[in-house]
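Below is one structure, written out as structure tokens, with a few remarks after it.
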Amino acid sequence: QVQLVESGGGLVQAGGSLRLSCAASGSISRSHTMGWYRQAPGKQRELVADITGGRSTNYAYSVRGRFTISRDNAKNTVNLQMNSLKADDTAVYYCNYRDYYYNSWGQGTQVTVSS
């Protein structure tokens, strides 16, 4: 099993910044992808950004140029720097880990952007 612990999130005004962090522990494989998803009320969970072990990144179109995902392979952590936040970014953000054997989720952290 892989466990994920998230930190960060909170309330911020539009145009502001927040940083989310996620630490993975347990049966971590050498080849895995970590990422962030979000789910707004009444909407489906969607990919925000993910990053492979080789640091290839993938971003949702709506966050490109504003959000940056990064990882520390030695610490098994992934971070999401969110800048120029908009009201539409308001959602619960979930950390995700996936490899050949596991697809694990964090408990979620609330991000609220006031306009």
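The values are calculated or read from the model by the stated rules, or taken from the named source; none is laboratory data. Just so we're clear, the structure is a prediction, and the values are computed from it rather than from any experiment. Here the Cβ is made from the backbone with ideal geometry for all residues, glycine too, and neighbour counts use every protein chain on show. Areas reflect the complete protein model, heavy atoms only, side chains present, ligands, DNA and RNA absent. Shrake-Rupley method; radii C 1.70, N 1.55, O 1.52, S 1.80 Å.
Structure notes:
- 1.4 Å probe accessible area per residue over the chain, in Å²: 54 Å²
- For residue 113, the accessible surface of its heavy atoms amounts to roughly 10 Å² (probe 1.4 Å, protein chains only, rounded to the nearest 10).
- Start at zero, step by 5 Å, and the Cα-Cα distances of the chain spread as 2, 13, 25, 26, 19, 10, 5, 1, 0 percent across the bins.
- Tail fraction, Cα-Cα pairs, segment 33-88, threshold 17 Å, whole percent: 38 percent
- Among 59, 94, 102, the largest mean-square fluctuation in a Gaussian network model of the chain, built with springs joining Cα atoms closer than 10 Å, belongs to 102.
- Peptides 19-25, 38-44 ranked from most to least packed give 19-25, 38-44, packing being the mean of other C-beta atoms within 10 angstrom over each peptide's residues.
- Chain lengthening between residue 3 and residue 52 when straightened (0.36 nm per residue, less Cα-Cα): 15.9 nm
- Here the accessible area of the chain is 46 percent carbon and sulfur, with a 1.4 angstrom probe and all protein chains present.
- Estimated vicinal HN-Hα couplings, Hz - segment 88-104 in sequence order (Karplus 6.51, -1.76, 1.60; Gly, Pro = x): 5, 7, 4, 4, 8, 9, 10, 7, 9, 10, 8, 9, 5, 9, 10, 9, 10
- Label point at residue 107 placed 7 Å out along Cα→Cβ; residues across segment 18-34 whose backbone nitrogen lies under 16 Å: 21-25
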